[in-house]
1. Which value, in debye to the nearest 20, gives the size of the charge dipole of the stretch 1-120 about its Cα centre, when Lys and Arg are +1 and Asp and Glu are -1 at the Cβ?
2. Among Val139, Ala111, Trp163, which residue has its Cα positioned farthest towards the positive end of the charge dipole of the stretch 100-254, with +1 placed on the Cβ of Lys and Arg, -1 on the Cβ of Asp and Glu, and the dipole taken about the Cα centre?
3. So what is the orientation-averaged projected area of the chain, using the convex hull of its C-alpha atoms, in nm²?
4. Dipole of the chain (Lys/Arg Cβ +1, Asp/Glu Cβ -1, origin at the Cα centre): which of Leu262, Pro188, Val290 lies farthest to the positive side?
5. Going Cα to Cα from Lys126, which lysines come in below 30 Å? Please leave out same-chain ones fewer than 8 positions away.
6. On the protein heavy atoms, probe 1.4 angstrom, tell me the percent of accessible surface of the stretch 112-256 carried by carbon and sulfur.
7. So how tilted is helix 238-247 from the main axis of the chain? Cα-based, degrees 0 to 90, rounded to 10.
8. Given the convex hull over the Cα atoms of the stretch 96-168, what projected area results after averaging over all orientations, in nm²?
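The values are calculated or read from the model by the stated rules, or taken from the named source; none is laboratory data. Predicted model only: the values in this text are computed from it and were never measured. Every residue, glycine as well, gets a Cβ built from its backbone with ideal geometry; the counts of neighbours run over all protein chains shown. The protein model used for the area step is the full one, side chains on, heavy atoms only, and it has no ligands, DNA or RNA in it. Shrake-Rupley method; radii C 1.70, N 1.55, O 1.52, S 1.80 Å.
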Amino acid sequence: MSVISTITVKVPATTANLGPGFDCIGAALTLYNKFTFTPLNGGEFIIAVTGAEAESVQTDTNNLLYQAFVKCYQYIGQTPPPVKMAIELGVPLARGLGSSATAIVGGLVGANQLAGAPLSQLEVMKLAIAMEGHPDNVVPALLGGCRLAATSADGWEICDIPWHSDIIPVVAIPDFELSTSEARQVLPTEFSRADAIFNTAHLGLLLRGLETGQGEWLRAALQDRLHQPYRQALIPGYDAVKGAALAAGAYGMVISGAGPTLLALVDRLHSQSVEAAMLSAWQSVGIIAVVRSLSLDTQGASYQG
């Protein structure tokens, strides 16, 4: 039987890929969506949304938060209770910052807690990966930190990636959307052996660069041949923003997730100058953007209630 209490779940934004880590690496960032679940005495469900893009969020059965909530109850063999879901948006939609992952994780965690926590964190994680289709956003959204996910005979192996405290993620979020499906359509279906070797080497270097904060390693490691060369054309001003970030002292710049948000990694000394440079570069090509220095979220999804 469900535990009758209000549950509020806070889920961090995520940045996936980090250049060569296509579909396998992601990091949680200090930007959040909040989801509050309040049981109702009757009816089915109510969805209320607040935040800058609230009008863009569906409030019917197509809502991803609701679908994850129902998925959890189906998995444990129970009927979903009538519930009001209040969504507080802090993560921009369709910008490559894991907004869909926050909804999936938030719905699963909220349902699990209302049901008396019958599922372990591992079971919740597996459900989230199955819903999202790949692990790079939902895993750090649930667990926090920077995570590498690899398949194993038993499902998934999740590896925590050390992140040096001097590495600052700077996100440049433009005022236009780019869907993941559109970004995937431009990718080739096959890659050369040379490109596979290139990305393998650079992913290994990236892991060591993140751990040590070694700038020269990071400058080389953020290069990629599997997705970014094909997606750059979908993001107006990409070259200008990258050039500005590097000139201002960034180690490198990558596409966050499927984009269009651009992510620069920088040391603490240069973070403000990189912020200003990326903002100015996008303004110079007529694009409004929000640029922020964030931190690595180490807690992941949390709940109260």
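1. 220 debye
2. Trp163
3. Value for the chain: 15.6 nm².
4. Val290
5. Lys10, Lys34, Lys71, Lys84
6. Details: 3340 of 6450 Å².
Accessible surface attributable to carbon and sulfur in the stretch 112-256 totals 52 percent.
7. 70 degrees
8. Directional mean of the projected Cα hull area for the stretch 96-168 stands at 5.7 nm².
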